[in-house]
1. Could you check region A:193-206 and list, in sequence order, the residues that are within 11 Å of another protein chain (Cβ to nearest Cβ), open to solvent by less than 10 Å² (accessible area, probe 1.4 Å) and closer than 23 Å to A:ASN32 by Cα?
2. Residue check, A:LYS88 against (1) more than 22 Å from A:ARG143 (Cα to Cα); (2) open to solvent by 10 Å² or more (accessible area, probe 1.4 Å), all met but one. Which one?
3. Kindly indicate which of A:SER100, A:SER60 is polar (S, T, N, Q) and away from chain B (no Cβ under 11 Å).
4. So for region B:36-50 (the condition being assigned to a helix (DSSP H, G or I) and within 10 Å of chain A (Cβ to nearest Cβ)), does at least one residue qualify?
5. Residues of region A:128-149 being assigned to a helix (DSSP H, G or I), touching a residue at least 60 places away in the same chain (Cβ under 8 Å) and over 17 Å from the mean Cα position of the chain (by Cα), which ones?
6. Run A:LYS157 past the list (1) buried (at least 16 other Cβ atoms within 10 Å of the Cβ); (2) part of a helix (DSSP H, G or I) and report the number of the one that doesn't hold.
7. Could you please find all residues in region A:150-181 being touching a residue at least 60 places away in the same chain (Cβ under 8 Å) and either farther than 19 Å from A:GLU111 by Cβ or touching a His at 6+ places or on another chain (Cβ under 9 Å) (or both)?
8. Go over the candidates B:ARG95, B:ARG108, B:ARG73 one by one and state the one that is in contact (Cβ under 8 Å) with a residue 24 or more places away in the chain, within 25 Å of A:LYS64 (Cβ to Cβ) and open to solvent by 30 Å² or more (accessible area, probe 1.4 Å).
2 protein chains.
Amino acid sequence: MEHTVKAFDEDITKLRGLIAQMGGMAEVAVQNAMDALVKGDDALAEKIIADDKKLDALESEVDKLAVRIIALRAPMADDLREVIAALKIAGVVERIGDYSKAIAKAGRQIEDRKKFGPLTLVPAMGEIAAEMVHDAMTAYAARDAVLAREVIVTDEKVDNFYESIFRNLVSHMVENPSTISSAAQMLFVARNLERIGDHATNVAEMVHFAATGAYPVDADF
Amino acid sequence: MEHTVKAFDEDITKLRGLIAQMGGMAEVAVQNAMDALVKGDDALAEKIIADDKKLDALESEVDKLAVRIIALRAPMADDLREVIAALKIAGVVERIGDYSKAIAKAGRQIEDRKKFGPLTLVPAMGEIAAEMVHDAMTAYAARDAVLAREVIVTDEKVDNFYESIFRNLVSHMVENPSTISSAAQMLFVARNLERIGDHATNVAEMVHFAATGAYPVDADF
């Protein structure tokens, strides 16, 4: 039994390591996507799109390891909940990568960016979203329910940011019809950042699930 | 042993029933969201938003049942893969509900809809997306890898639809600055339909995972 427990702990450590790796890549993807957008760095945008495949591969690795752990170690109660939470968190983090990829793609379609004012609207929102991803993954690694709660609260800030950016972009479109196509891409960037905030919040809610076996009452995913 | 196998089969049947129920609700949510959008039916939009909570609750029920099945029945190999796939599919179907909710919310913000031409652009795309959800869930229920493949192929059609609607909406914005705010909402509707197609594709790819233990090589989630 001693041996089995030790083997399970090793497996879980590996599983958590994979999730931490995914979280780090997702956080970098958000930051890089904003950099590529603001600077018009197409090479960086290409890199984000290519790197997303690594996130997909890691998620698949998490799935396989989780299945192996459950099959070989037959974990019970809290241990089983932790493996299930890892499976779900891997899926959410992979989607954060997808949203970053979408931001990178939108950025490549912004025309005449030197004269395109709305670029200055989103970086602050991007920073908060990336920070939410970072804090959600930290809360996961540390099983920190307090930090998880902070992430859930911050989501409202991102939602408000989004609303004001949306209004700004619509006015900009009305005043600058020639930039409507680029402004539409910026609408998607803001929307994707808002979704990244939602998904970081989902991770925070799942940290709660892993710790307590129940989603917070205000969970919405 | 006979008893355990029978109990497991009963559990799996219940799990698949919950997923089928989620799939049915998600398909209806997509159709209702498009109806509410086109007809400007705010009451229906409210209903979609309220019903989404049921999908969230069903997902949480699937999670709990899956954990209970794994803990009590200790399924192996294919059986375990099926339980894991159910967990992941429930998460994806719940997100299809979220996208439908987003479409319903966008629809409520379309102004002066009688004169708003772009409303006619999306219903055909909505039908294909709803059909993809239907077929993906049918493929899951029937473990039908061929139908799953068809869903994956159809996704390209939805993507092309989205590209052409995006171009149409941008031209419409340029020509009708007074409707830009409504047209921006339509951009989100088209984008959400495109995401619904992606998620139906993910379910189809997971049907493949449940059947074979591997994602298709062209999987992208």
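The values are calculated or read from the model by the stated rules, or taken from the named source; none is laboratory data. Note that the coordinates shown come from a computational prediction; the quantities given were computed from them, not determined experimentally. Ideal geometry is used to build each Cβ from the backbone, glycine not excepted, and the neighbour counts take in all protein chains shown. What goes into the accessible areas is simple: the full protein's heavy atoms, side chains included, and nothing from ligands, DNA or RNA. Shrake-Rupley method; radii C 1.70, N 1.55, O 1.52, S 1.80 Å.
1. Hit for region A:193-206 is A:HIS199, nothing else.
2. Among (1) more than 22 Å from A:ARG143 (Cα to Cα); (2) open to solvent by 10 Å² or more (accessible area, probe 1.4 Å), A:LYS88 violates only (1).
3. Being polar (S, T, N, Q) and away from chain B (no Cβ under 11 Å) holds for just one of A:SER100, A:SER60, which is A:SER100.
4. no
5. A:ALA145
6. (1)
7. Within region A:150-181, A:ILE152, A:THR179 qualify.
8. That would be B:ARG73, the only listed residue that is in contact (Cβ under 8 Å) with a residue 24 or more places away in the chain, within 25 Å of A:LYS64 (Cβ to Cβ) and open to solvent by 30 Å² or more (accessible area, probe 1.4 Å).
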